[in-house]
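S.K.: One structure, as structure tokens, below. Some questions next.
Quick note: the coordinates plus some simple rules give every number you see, no bench work behind them. Quick caveat, the model's predicted, so the values are computed rather than measured. With ideal geometry, Cβ positions are generated from the backbone for all residues, glycine too; neighbour counts draw on all protein chains shown.
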Amino acid sequence: MIQENDRLASTGLRVLAFAYKDLGAKRQFQKEVIEQDLKFIGLVGIEDPPREGVKEAIALCKKAQIKVIMVTGDYGLTALAVAKQIGLYSKTTKVITGEEMHRMDDEKLKEFLTDGMIFARIDPSQKLRIVENLKEKGEVVAVTGDGVNDAPALVAADIGVAMGCIGTDVAKEVADMVLLDDHFATIVNAIKEGRTIFDNAKKIIFYVFSSNAGELLVPLFGLFLGLPLPLLPIQMLAIDLGTDVFPSLALGVEKEEPYIMARPPRAAAERMMNIGMLSRLFFVGLIMGTLAFLVYLVSLFEGGWHWGESLNLNAPLYLSATASVYTTLVLCQTANAFSCRSPKFSLSKIGIWTNPWLLYAELISFLMLFGVVYFPPLQKIFRTDAPSPLSWVLIILSFFIFLFLSEWRKRSFKNQAT
């Protein structure tokens, strides 16, 4: 009988044993008496196959270096068979029963808390113990559960995930997330979506702060050389509150990176803005500010200004020079927006047309740019005048130089990473 039970369980079936006892005419019995001297009838195997997509989701977890541990109340051989069906089984996989786990101390238990391990015949208190030991190892733990007994483990986990269809109200109440379809693949999709949101937030921050760095450096260059401000405060506001807003929103809906599920999870303490990001940000801002300031100087020299001469701050020459700086920064920010779409892959690889929202956003930015530079009422507000043809040549040249250096920086960074 035991051999037949194991044979059925090893195929992934949940095995039920049936027995009976003739109680006669007597109506009152003690529980212990009823469960003695039963006559065995037979075994029944119930098939509960894994859902479609679970095997692929497990493979994606392994690719993303997300550890998956099976904790179940099922029989060990049944759990092992299911693990093989969903691709969780490997040469290092072991089945630890609740009885074996009870005899382990925490240090020994931690040795078995690795990817692909199977814990069978586990009670709720042992599930809680597994969660606590994983957290002590420094892991970020997500736990799935559907019953009232799962509530302690759901609360203790960093992310408690309850089943929306078969889950109890208690489990749903204490969980951080509820799966409406009770599908493991949904958790993996949520991880993918979370990584995408985090990446896009970093892209927006990089885009905005690199622009701010460029805007800050241009006036500093002017003050250092004793020149009138190359960029006026009202023009900075036109960039920050005007031309930068819509591209920032467009970067927020950027599609996920091709490698997003092929990299390990980030550390829980990792900051969104780290030293590496700050150095790249300063590099981009330095290029942007330097190009804009050079355009400013050439615009002044072209208009007949000589070094050391005073400048009339209301003269068309000065207003045209500041407009040239403003236009240079806006065009560099356009190149920066497209370059920010991926910190690793070049623009030629991801394509210009794959984020139409960014194209619409840049169209709005260009309309605002030409309004500030050429529309007389706005010229008075933002103190600008039309740039000269030579200035336009330098502005467009600056755009391509900035784009080339930004893409070169990504390639250089990628080579260093590999």
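S.K.: Once a ≥ b ≥ c are taken as the square roots of the eigenvalues of the Cα gyration tensor of the stretch 303-418, is the result rounded (a/c under 1.5), prolate (a/b larger than b/c) or oblate (a/b not larger than b/c)?
M.R.: Working: a/c = 3.54, a/b = 1.79, b/c = 1.98.
Taking the square roots of the gyration eigenvalues as a ≥ b ≥ c, the stretch 303-418 is oblate.
S.K.: Oh, and also: If you place +1 on the Cβ of every Lys and Arg, -1 on the Cβ of every Asp and Glu, and leave all else neutral, what size is the dipole of the stretch 1-148 about its Cα centre, to the nearest 20 Debye? Write down the numbers at each step before the final one.
M.R.: On the way: 23 positive and 23 negative charges, 42 e Å.
In debye, rounded to 20, the stretch 1-148 gives about 200.
S.K.: Also, I was wondering about something else. In debye, nearest 20: dipole of the chain around its Cα centre with unit charges on the Cβ of K, R (+) and D, E (-)?
M.R.: 860
S.K.: Using each residue's phi in the stretch 286-302, evaluate 6.51 cos²θ - 1.76 cosθ + 1.60 at θ = phi - 60° and report the 3J(HN,Hα) Karplus result to the nearest Hz, with x for Gly and Pro.
M.R.: My calculation for the stretch 286-302 gives 5, 4, 4, x, 5, 4, 5, 5, 5, 4, 4, 5, 5, 4, 5, 5, 5 Hz in order.
S.K.: Next question, about the same structure. Between L16, L220, L297, find the one with the highest GNM mean-square fluctuation for the chain; connect C-alpha pairs within less than 10 Å.
M.R.: Top of the fluctuation ranking is L16.
S.K.: Still on this structure, please answer the following. Nearest 500 deg cm²/dmol is fine: what mean residue ellipticity at 222 nm does the chain get from its DSSP H runs of n ≥ 4 alone, each adding -39,500 (n - 2.57), divided by its residue count? Could you put the intermediate results ahead of the total?
M.R.: Numbers: 18 runs with 235 residues, N = 418.
So the calculated ellipticity at 222 nm is -18000 deg cm²/dmol.
S.K.: Mind checking which of L134, H102, F366 is farthest towards the positive end of the chain's charge dipole, using Cβ charges of +1 (Lys, Arg) and -1 (Asp, Glu) about the Cα centre?
M.R.: The residue sitting most towards the positive pole is F366.
S.K.: So, one more: Would you mind checking the tilt of helix 316-339 against the longest principal axis of the Cα atoms of the chain, expressed as 0 to 90 degrees and rounded to 10?
M.R.: Taking the Cα atoms of the chain, the angle to 316-339 is about 20 degrees.
S.K.: While we're on this one: Out of the DSSP beta bridges found with both residues in the stretch 1-124, what percent are antiparallel (nearest 5)? Working shown, then result.
M.R.: Numbers: 8 of 13 bridges.
Roughly 60 percent of the beta bridges in the stretch 1-124 run antiparallel, per DSSP.
S.K.: Along the charge dipole of the chain, which of V82, G276, I381 sits closest to the positive end, that is, farthest toward it, with unit charges on the beta carbon of Lys, Arg, Asp and Glu (+1, +1, -1, -1)?
M.R.: It is G276.
S.K.: Further question: Can you check how the C-alpha radius of gyration of the stretch 2-47 compares to 2.2 N^0.38 Å, as a plain ratio? All intermediate terms of the calculation are to be shown ahead of the outcome.
M.R.: Working: Rg = 14.2 Å, N = 46, 2.2 N^0.38 = 9.4 Å.
So the stretch 2-47 has a normalised radius of gyration of 1.51.
S.K.: In addition: What pairs in K84/K127; K135/K410; K192/K349; K63/K91; K62/K108; K137/K344 have C-alpha atoms more than 27 Å from each other?
M.R.: Among K84/K127; K135/K410; K192/K349; K63/K91; K62/K108; K137/K344, the Cα-Cα distance tops 27 Å for K135/K410; K137/K344.
S.K.: Classify the stretch 54-187: rounded, prolate or oblate, from the alpha-carbon gyration tensor (a ≥ b ≥ c, eigenvalue square roots; a/c under 1.5 rounded; otherwise prolate if a/b is larger than b/c)? Please report the intermediate quantities before stating the final value.
M.R.: On the way: a/c = 1.44, a/b = 1.15, b/c = 1.26.
It comes out rounded by the Cα gyration axes.
S.K.: Test of the criteria: in the stretch 246-341, which GluC sites (Glu not before Pro) are in a DSSP loop and have at most 10 other Cβ atoms within 10 angstrom of their Cβ? Display every interim value, and only then the final one.
M.R.: Values: sites: E254, E256, E270, E302, E309; in loops: E254, E256, E270, E309.
For GluC sites (Glu not before Pro) across the stretch 246-341 that sit outside H, G, I, E and B with at most 10 neighbouring Cβ atoms in 10 Å, the list reads E270, E309.
S.K.: Something else about it: Using a simple charge model, +1 on the beta-carbon of Lys and Arg, -1 on the beta-carbon of Asp and Glu, nothing else, what dipole does the stretch 192-417 show about its Cα centre, in debye to the nearest 20?
M.R.: Working: 18 positive and 14 negative charges, 189 e Å.
Here the size comes out at about 900 debye.
S.K.: What's the longest bit of the chain with no exposed chymotrypsin sites (Phe, Trp or Tyr not before Pro), using DSSP loop states and at most 14 other Cβ atoms within 10 Å as the test? Could the numbers behind the result be given before it?
M.R.: Values: sites that count: F29, Y259, W307, W353.
That would be 30-258.
S.K.: Pairing the Cα long axis of helix 389-417 with the longest principal axis of the chain, what angle in degrees results, from 0 to 90 and rounded to the nearest 10?
M.R.: 30
S.K.: Also, quick follow-up: Would you please state the base-10 log of I(q)/I(0) at q = 0.17 1/Å for the stretch 192-417, with intensities from the Debye formula using one equal scatterer on every alpha carbon?
M.R.: Once normalised to I(0) and log-transformed, intensities are -1.17.
S.K.: If you don't mind, another one. What is the distance in Å between the Cα centroid of the stretch 341-418 and that of the stretch 116-194?
M.R.: 46
S.K.: Taking 0.36 nm per residue of separation and subtracting the Cα-Cα distance, what length does fully extending E47 through V140 add? Each step should come with its number before you reach the end.
M.R.: Numbers: separation 93, 0.36 × 93 = 33.48 nm, distance 3.29 nm.
Using 0.36 nm per residue and subtracting the Cα-Cα distance, I get 30.2 nm.
S.K.: For a label point 7 angstrom out from the Cα of S310 toward its Cβ, which stretches of the stretch 204-236 have the backbone nitrogen within less than 14 Å?
M.R.: 228
S.K.: Shape of the chain from its Cα gyration tensor (a ≥ b ≥ c, root eigenvalues): rounded if a/c is under 1.5, otherwise prolate when a/b > b/c, or oblate? Mind showing how you got there, number by number?
M.R.: Working: a/c = 3.84, a/b = 3.56, b/c = 1.08.
Verdict is prolate for the chain.
S.K.: A follow-up question, please. Using Cα-Cα distances under 8 Å and only pairs 6 or more residues apart, what relative contact order does the chain have, in percent? Before the final figure, lay out each step's value.
M.R.: Values: 573 pairs, mean separation 50.9, N = 418.
Over the chain, the number comes to 12 percent.
S.K.: Go through G242, W353, G285 and say which Cα lies farthest out towards the positive end of the charge dipole of the stretch 192-417; charges sit on Cβ, +1 for Lys and Arg, -1 for Asp and Glu.
M.R.: It is W353.
S.K.: Something else: How much length would be gained if the chain were fully extended between T72 and L216, taking 0.36 nm per residue of separation minus their Cα-Cα distance, in nm to one decimal?
M.R.: Working: separation 144, 0.36 × 144 = 51.84 nm, distance 5.83 nm.
Length gained between T72 and L216: 46.0 nm.
S.K.: Here is a follow-up. Could you state the angle between the C-alpha long axis of helix 124-136 and the longest principal axis of the C-alpha atoms of the chain, as a value from 0 to 90 degrees rounded to the nearest 10?
M.R.: 30
S.K.: Also, I was wondering about something else. If I model a spin label as a point 7 Å beyond the Cα along the Cα-Cβ vector, how far apart are those points for A59 and Y259 in nm?
M.R.: 2.1
S.K.: Note the full-extension length gain between Q36 and L249 as 0.36 nm times their separation in residues minus their Cα-Cα distance, in nm to one decimal. Show your work: numbers first, answer last.
M.R.: Details: separation 213, 0.36 × 213 = 76.68 nm, distance 7.09 nm.
Taking 0.36 nm per residue and subtracting the Cα distance, the gain is 69.6 nm.
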